[in-house]
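Student: Sharing a structure, written as structure tokens. Questions coming.
The values are calculated or read from the model by the stated rules, or taken from the named source; none is laboratory data. Please read these numbers as outputs of a predicted model, since none were measured by experiment. Cβ: placed from backbone, ideal geometry, glycine included. Neighbour counts: every protein chain shown. SASA here: full protein model, heavy atoms, side chains in, ligands and nucleic acids out. Shrake-Rupley method; radii C 1.70, N 1.55, O 1.52, S 1.80 Å.
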Amino acid sequence: MVVECRDTSELPLPSLKPVAGCLDATPLPTDWRWLCRFTARYYHHALGDTFHQAMPVLLRQGRALEARTRERWCATAAGRQEVPPGLDRAPRQAELLSMLRQHPHGMVSQAILAQSFSRDQLRALVDKGLVDRHEEPLMASSSVEGDARLAEPALPLNREQAMALAAIHERLDGFHPCLLHGVTGSGKTEVYLQLIEAVIGHQRQALVLVPEIGLTPQNLARFRRRFRAPVVALHSGLTDHERLDAWEAAASGRAPIVLGTRSAIFTPLARPGVIIVDEEHDGSYKQEDGLRYHARDLAVARAHHHRIPLLLGSATPSLESLQRAFQGDYRHLRLTRRASRHAPARLELVDLRGRRRQGGLIAPVIETVRETLAAGHQVLVFINRRGFAPTLACHACGWIAECDHCDARMTLHRQPPLLACHHCDHRRALPDACPECGSIDLRPLGSGTERTEETLASLFPDVPVHRIDRDSTRRRDALEQMLADVRRGDPCLLVGTQMLAKGHHLPHVTLVVVVNADAGLYASDFRALEHSAQLLEQVAGRAGRAAHPGRVLVQTLHTDDPHLRLLAESGYDALASQLMEERRAARLPPFRFLALLRLEAPQESSVAVLGGLAAEALRQRIGERGLEVDCLGPVPAPMERRQNRYHLQLMLSADRRSQLHETSAWLVAWLERRPDARRVRWSLDIDPQTLA
Ligand code: ADP
Ligand code: ZN
Ligand code: ZN
């Protein structure tokens, strides 16, 4: 990639390469190049690799942008007759034709397909001579496509929604970051939709980031229903061609609304008007390998660069965003009430101590499940472990099935039966007897989704049980199909992992059961509590979203835990304020900035030696420069051995970002210079979200 031209270079001539040819006369979009440079600088990542990762695959492979065309379909004179011939028995074709007749300049394929018509229908109309197909160059046109009118009317906003929208509206032409902090079901999406309406009305584009489109096809459908203008969706299911098309449509300004997951932050925009980040606290915005960027943080930088409004939405904002809202850097917009009748349910803590569990559930909870089903409602059982049981143990000698390659236990699966390591994906057949003592008394320890599903199916044989986790939804559409069943409203049981917690609107669920809330309470990671509270609140938010109020039962061994009690009694906001004070006192983010160097290699000694040298060099450098940066470590990673590699970490922390960056840049240069660093895989994580 040619990013700049110079007459001179400080590099020796042999290391410079001549330009052999020009693949593409269309320059890459300016805003995109700016974002890549910013990202590379901020995350101390190689610029070339940043460009590479932020680029659609086909461009990476050398395809030219300008050579591409697209199809446009117009009704012919015959197609414009009062009663076009040959459509008596083809009602969809008739509908399609009538839509095309409303567009004197025709419509492009993408806009037509977005209205759920098919290529076959288009071809059939062409064969009948009712429609013509034209090809036109893609990069030529640059006006925003579709009209700004709505396909479906907007909902009348309630007072809080209207105030939030008005506040953002006050300044659509400057950097204007807002945190839309609204309880689950308070109608944040409706605010997004109306904001987008205003933005596309001004001939500007809206970029909307969502955690995982595959998990929330409902949301995408809601966007598509609302606007006449096409909504371009970027998700993992696209082909390379579709991805490039979407990229071009956004870059040329034709696509008014672009909706996508994490990597969509790198979509170029010709006329940016707003960036919206839904569920801004969600962990999926952080890329956890290679270029370790955070899409939400890049959204802030990007909105600032474009001087446009930024809307971060969540029922459970990250402490980072809350802190900025408290400080006044972000406008803090609150939605405290649900659009529907019932307030979100409080968490009821249920003591697990000394109680017999069946599939993870204790008798009184099972009783409440029974009553809820009998009343004709649905029940959601949340359990954050897939598989049958977290591990397999020998009842005679205490042996536990562990992974040969990691410091981790293996999960027992029944469908199909095997032991699997969820950290390295290593699989093993189930042993017939204990490898230590030969006993055949091997028992599953604890419960995963499969076991809870099995128990519930035997307890409630007449009620369908839907299990929703990564294993049950591997097939495309499996999730959507299950959710469609659930939305029909008959009594049923949903058992699932956090896939179920994310944004689904399940109007008939009135009872949510959390099988075990304890995993995050005593974890070593300082963000564990925050993340676990967010998850609990999101899961709880699935209950009672429509006609009937909801209940949330949370099983725990620690009913006295002060954090859990605060969450249960006063809600996420109260807990977040408390955690904020704890972070302030402990000098942790968001009050301090972190960078984490991870080192890994097959030999323990090579990581230990390099880690020690790096720490020593860093401390010396920090001293020489008089920086206020702390260097902690090296220490073994929480899981020291993973996939037969040893993992070590070094943590940098500073009050001032500039000093953290200076030190990070120096560290990267130091590592790149050292020949012994080549035998070790290393990566620097700026603003790490997890210390794992
Ligand atoms: P959130 O994104 O905050 O979780 P949603 O936007 O999904 O909430 O809204 C929850 C439900 O409330 C949806 O079914 C939505 O159609 C409905 N809703 C939102 N705003 C309004 C409103 N102003 N009037 C009536 N219903 C609304
Ligand atoms: Zn044994
Ligand atoms: Zn493993």
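Student: Work out the FRET efficiency for residue 427 and residue 171 from their Cβ-Cβ distance, taking R0 = 56 Å, and round it to the nearest 0.05.
Tutor: 0.55
Student: Using the Cα centre of the chain as the reference point, and only Cβ charges (+1 on K/R, -1 on D/E), how large is the resulting charge dipole? Debye, rounded to the nearest 20.
Tutor: That gives the chain a dipole magnitude of about 820 debye.
Student: Classify the range 538-692 as rounded, prolate or oblate from the Cα gyration tensor: take a ≥ b ≥ c as the square roots of its eigenvalues, call it rounded if a/c is under 1.5, otherwise prolate when a/b beats b/c and oblate if not.
Tutor: Cα axes put the range 538-692 in the prolate bin.
Student: Treat every Asp and Glu Cβ in the range 157-201 as -1 and every Lys and Arg Cβ as +1, leave all other atoms uncharged, and give the resulting dipole magnitude about the Cα centre to the nearest 20 debye.
Tutor: For this selection, approximately 100 debye.
Student: Give the long-range amide H neighbours of residue 151: residues separated by 5 or more places, or on another chain, with amide H under 5 Å away, using H modelled in the peptide plane at 1.01 Å from N.
Tutor: Here 227, 228 satisfy the definition.
Student: For residue 334, project a label point 7 Å along Cα to C-beta. Then give me every residue of the range 561-588 with its amide nitrogen under 16 Å of that point.
Tutor: Residues 570-578 fall inside that zone.
Student: Sort 480-486, 374-380, 581-587 for me by packing, meaning the mean count of neighbouring Cβ atoms within 10 Å per residue, highest on top.
Tutor: Top of the packing list down: 374-380, 480-486, 581-587.
Student: On to the next question. In nm, to one decimal, how far is the residue 15 label point from the residue 578 one, both placed 7 Å along Cα→Cβ?
Tutor: Distance between the two pseudo-spin positions: 5.6 nm.
Student: Cross-link partners among lysines for residue 502, C-alpha distance below 23 Å, same-chain residues fewer than 8 apart left out?
Tutor: Leaving aside lysines fewer than 8 places away in the same chain, those within reach of residue 502 are 188, 286.
Student: If you take the square roots of the eigenvalues of the alpha-carbon gyration tensor of the range 510-600 and sort them as a ≥ b ≥ c, do you get rounded (a/c under 1.5), prolate (a/b over b/c) or oblate?
Tutor: Prolate, since a/c reaches 1.5 and a/b exceeds b/c.
Student: Mind giving me the nanometre distance, one decimal, between the label points for residue 440 and residue 49, set 7 Å out from Cα along Cα→Cβ?
Tutor: Each label point lies 7 Å from its Cα, and together they span 5.3 nm.
Student: Quick one: how many Å² of residue 674 are accessible to a 1.4 Å probe, rounded to 10?
Tutor: So the heavy atoms of residue 674 present about 70 Å² to solvent.
Student: If I take every Cα pair under 8 Å that is 6 or more residues apart in the chain, average their sequence separation and divide by the length, what percent do I get for the relative contact order?
Tutor: Computed value for the chain: 12 percent relative contact order.
Student: Then there's this: Work out how much length residue 628 to residue 655 would gain on full extension: take 0.36 nm times their residue separation and subtract the Cα-Cα distance, in nm to one decimal.
Tutor: Extra length from residue 628 to residue 655 when fully extended: 9.0 nm.
Student: Would you please give the FRET efficiency between residue 523 and residue 348, computed as 1/(1 + (r/R0)^6) with r the Cβ-Cβ distance and R0 = 25 Å, to the nearest 0.05?
Tutor: Efficiency computed from Cβ-Cβ geometry: 0.60.
Student: When a/c is below 1.5 the answer is rounded, else prolate if a/b is larger than b/c, else oblate, so apply that to the chain with a ≥ b ≥ c taken from the square roots of the Cα gyration tensor eigenvalues.
Tutor: Oblate.
Student: Apply 1/(1 + (r/R0)^6) to the Cβ-Cβ distance of residue 89 and residue 225, taking R0 = 22 Å, and write down the FRET efficiency to the nearest 0.05.
Tutor: Rounded to the nearest 0.05, the efficiency is 0.20.
Student: Scanning the chain for chymotrypsin sites (Phe, Trp or Tyr not before Pro) in DSSP loops with at most 15 other Cβ atoms within 10 Å, what's the longest stretch left with none?
Tutor: Maximal segment without exposed cleavage sites: 176-521.
Student: Also: Residue 82 versus residue 341, label points 7 Å from Cα toward the beta carbon: distance in nm?
Tutor: 5.3 nm
Student: Would any residue of the range 216-244 have its amide N under 20 Å from a label point 7 Å out along Cα→Cβ of residue 154? List them or say none.
Tutor: Only 219-232 fall inside the zone, counting backbone N under 20 Å.
Student: Relative to the compact-globule scaling 2.2 N^0.38 Å, provide the ratio for the alpha-carbon radius of gyration of the range 389-458.
Tutor: Against the empirical 2.2 N^0.38 Å value, I get 1.09 for the range 389-458.
Student: For the chain, give the share of DSSP beta bridges that are antiparallel, in percent and rounded to the nearest 5; count only bridges with both residues there.
Tutor: Counting only bridges with both partners in the chain, antiparallel ones make up about 50 percent.
Student: Just the number, please: carbon plus sulfur as a percent of the accessible area of the range 450-554, 1.4 Å probe, no ligands or DNA/RNA counted.
Tutor: With neighbouring chains kept in place, the figure for the range 450-554 is 50 percent.
Student: By the 4.7 Å beta carbon criterion, which cysteine residues of the chain come out unpaired?
Tutor: 5, 22, 36, 74, 178, 424, 492, 631
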